[in-house]
Amino acid sequence: MQEDKPRTGLRRAMHSVRFTVWIYFAIFIVSIVILMWITFIATLESNYRKRRNEDIDTVSEYIVSQISAGSLTGKRLYDLAYSYDMCLILQDRYGLTLYSYDVSPEHCLIHGASASELAEYRRLADENGIYRKENLGTDLITDNMLYVRSIKQGSTIGYLMINTSMEPLESTVGMIRAQLMQITIAMLILGFGISIFLSQLISTPIQRITLSAGKLGQGDHNVVFNGKGYNETEQLAQTLNFASEEITKIDTMRRDLMANISHDLRTPLTMVKAYAEMIRDLSGDDPVKRDEHLGIIIEESDRLAALVNDILDLTKLENGAEGLSLEEFDFSERIRSIMSRYTILAERDGYHFYVSVPEHTMIKADPIKFDQVIYNLINNAVNYSGEGKEIYVTAVKQEQGTEIAITDTGPGISKELLPLIFDRYYRAEKSKREVIGTGLGLSIVKQILIMHGYEFGVRSEEGTGSTFWFRVKEG
Ligand code: ADP
């Protein structure tokens with residue numbers, strides 16, 4: 001597998017959230033500006049020409065309606081010419097000019113035209129009713145629009161000639177361009193400013209979290225992640241705070257476990273050594289004493305083995321190194337056979353075991369691990385059964401499966417401790433030294449039940465006792 005090369009300097013900066021946000025925002029703004037300019041350049045001229053044509057139509061219609069109404073005056077024509085910035089000539093049917101207004105600083109096309117040219121315009125208007133021509137050019141005179149209309153009332157009574165230069169286009173375009181330029185500069189400055197602010201806003205909480213994570217990595221468990229800024233980083237910070245708390249908890253538990261294990265290992269080891277020395281120095285020749293001492297050595301060794309086994313079991317289960325080897329078996333049968341092994345305890349130490357399970361119940365599970373669960377729970381019940389020394393093992397068929405429960409009449413577990421009881425290495429303070437154990441038993445139980453997909457839990461009331469239960473699926 002090829003690993004990514006570590007990013008350094010500029011490359012790293014270019015891959016930062018800050019830079020990425022900034023660059024995308026910048027691209028966005030530049031695109032908008034470009035789009036704005038393209039639209040402006042592409043449409044302004046044609047829009048303007050269209051508008052001028054419409055103006056010409058309006059003026060023409062107005063004049064014709066005034067003529068029909070007989071209310072046209074030179075003053076009105078003059079006002080029209082100047083307010084619309086158009087050259088106007090009104091001729092009678094013989095081509096005699098009645099009114100003529102030249103608004104152009106230089107001569108308009110129609111005012112500079114010869115009599116024959118005007119006659120030609122009239123002829124073209126006669127042919128089509130209205131004659132229009134757009135002369136494209138580069139200066140004020142040549143770039144203009146020509147409109148000639150023959151006015152009819154039955155027959156032709158006169159001619160209206162309108163001519164407008166495109167001169168205003170140039171100045172309008174210039175004005176708009178200047179304005180657009182201002183808008184562009186404002187947008188660029190504002191946009192780049194906002195993008196820098198935005199990228200800062202987005203990256204700051206991330207940087208803060210990264211800094212805290214670095215501290216956590218170096219072993220500072222007191223760091224608090226602060227993701228203030230927006231929801232996602234707040235959630236991330238919350239999750240990390242939770243993770244950090246968990247790490248701290250596990251760390252403390254691990255330290256506790258080390259202390260517990262060391263203590264639990266040291267006690268039997270000291271005993272083994274002491275009794276071995278005693279056999280060597282004193283009781284070696286006394287068979288009764290020797291056997292008694294050897295018995296203690298064996299017992300302590302068993303205790304050591306159990307402890308080491310627990311640690312190994314849990315490690316294997318947690319690493320997932322060991323799968324399940326499922327078999328179909330009669331768990332009622334199995335529970336009864338396990339319980340028979342506790343008769344010694346019943347006889348010797350006065351424990352009472354009450355077993356109530358159905359005749360036969362077949363389940364598919366890993367029998368060895370199933371035994372481990374039952375043993376662990378019963379051993380705990382025995383260890384924590386208190387004065388009552390009563391232990392109930394029941395199996396009750398329910399809708400969702402059969403619930404197997406192990407109940408004791410011991411001191412029970414407080415509400416605060418209940419949620420912790422299945423945690424790795426957890427041991428209630430007061431049970432720390434009184435009862436031999438590692439705090440791993442219930443973690444092993446939990447892992448096995450999870451692997452089987454069984455539901456499980458604990459019901460307990462202080463002073464009354466505890467019930468550890470799990471639900472198996474039949475079949
Ligand atoms: P261990 O029994 O080796 O200490 P476990 O994981 O089996 O470890 O149990 C964890 C803790 O849960 C115990 O230390 C004890 O405080 C509590 N506990 C377990 N079973 C019972 C029970 N039946 N009644 C009361 N407390 C219990």
Work out the FRET efficiency for ALA213 and GLU387 from their Cβ-Cβ distance, taking R0 = 41 Å, and round it to the nearest 0.05. 0.20
Determine which aspartates and glutamates satisfy two conditions relative to LYS215: a Cα distance under 20 Å, and not lying fewer than 8 residues away in the same chain. GLU234, GLU245, GLU246, ASP251
Extension length gain for THR315 and ARG93 (0.36 nm per residue less Cα distance), in nm, is 68.6 nm
Can you tell me the orientation of helix 17-69 relative to the chain, as the angle in degrees between its alpha-carbon axis and the longest Cα principal axis, to the nearest 10? 30
Along the charge dipole of the range 289-375, which of ASN309, SER325, GLY295 sits closest to the positive end, that is, farthest toward it, with unit charges on the beta carbon of Lys, Arg, Asp and Glu (+1, +1, -1, -1)? GLY295
Whichever lysines have a C-alpha closer than 26 Å to that of LYS133, once near sequence neighbours (fewer than 8 apart) are set aside: LYS50, LYS152
For the chain, the Cα convex hull volume per residue in Å³ comes to 361
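Which three semi-axes in whole Å describe the equivalent ellipsoid of the range 244-385, each the square root of 5 times a Cα gyration tensor eigenvalue, listed largest first? Before the final figure, lay out each step's value.
On the way: eigenvalues 222, 136, 43 Å².
Semi-axes, largest first: 33, 26, 15 Å.
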Can you find, among ILE209, THR343, ALA125, the residue farthest towards the positive end of the dipole of the chain? Put +1 on the C-beta of Lys and Arg, -1 on that of Asp and Glu. ALA125
Projecting the Cα atoms of GLN66, ASN47, SER155 onto the charge dipole of the range 1-157, where Lys and Arg contribute +1 and Asp and Glu -1 at Cβ, the residue farthest towards the positive end is ASN47
Calculated FRET value between ILE176 and LYS249, using beta carbons and R₀ = 60 Å, to 0.05: 0.30
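Per the helix-only calculation at 222 nm, which mean residue ellipticity applies to the chain, given -39500 (n - 2.57) for every DSSP H run of n ≥ 4 and division by its residues, nearest 500 deg cm²/dmol?
Numbers: 12 runs with 269 residues, N = 475.
Helix-only estimate at 222 nm: -20000 deg cm²/dmol.
Which translational diffusion coefficient, to the nearest whole µm²/s, is obtained for the range 39-145 from the Stokes-Einstein equation, given a Kirkwood hydrodynamic radius over C-alpha pairs, 10 °C and 1.306 mPa s?
Result for D is 104 µm²/s.
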Going by average Cβ neighbours within 10 Å, how do the peptides 249-259, 32-42 rank, with the highest at the top? 249-259, 32-42
Can you pull the percent of Cα pairs in the range 217-274 with separation above 20 Å? 50
Give me the aspartates and glutamates in straight-line cross-link reach of LYS397: C-alpha distance below 19 Å, same-chain residues under 8 apart excluded. GLU328, ASP330, GLU333, GLU359, GLU455, GLU474
Rounded to the nearest 0.05, what FRET efficiency do HIS15 and LEU236 have when you use their Cβ-Cβ distance and R0 = 22 Å? 0.70
Structure shown: which of LYS249/LYS364; LYS249/LYS273; LYS389/LYS415; LYS316/LYS446; LYS249/LYS389; LYS446/LYS473 lie over 25 Å apart, alpha-carbon to alpha-carbon? LYS249/LYS364; LYS249/LYS273; LYS249/LYS389
Using the crude model of +1 on Lys and Arg Cβ and -1 on Asp and Glu Cβ, and no other charge, please compute the dipole size for the range 232-313 relative to its Cα centre, in debye to 20. 300
Any idea what angle helix 115-128 forms with the longest principal axis of the chain, computed on alpha-carbon atoms, 0 to 90 degrees, nearest 10? 60
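Write down the Å³ per residue value for the convex hull defined by the alpha carbon atoms of the range 30-83.
On the way: hull volume 3.8 nm³, N = 54.
Taking only Cα atoms, the range 30-83 has a hull volume of 71 Å³ per residue.
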Average projection area in nm² (convex hull over Cα atoms of the range 172-292, one quarter of hull surface): 12.4
Against the longest principal axis of the chain, how steep is helix 441-452, in degrees 0 to 90 to the nearest 10, with axes from Cα atoms? 50
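All of the numbers you see were taken from the coordinates with simple rules; none came from a lab. These numbers come from a predicted model, not from an experiment. Every residue, glycine among them, receives a Cβ derived from its backbone with ideal geometry; neighbour counts consider all protein chains shown.
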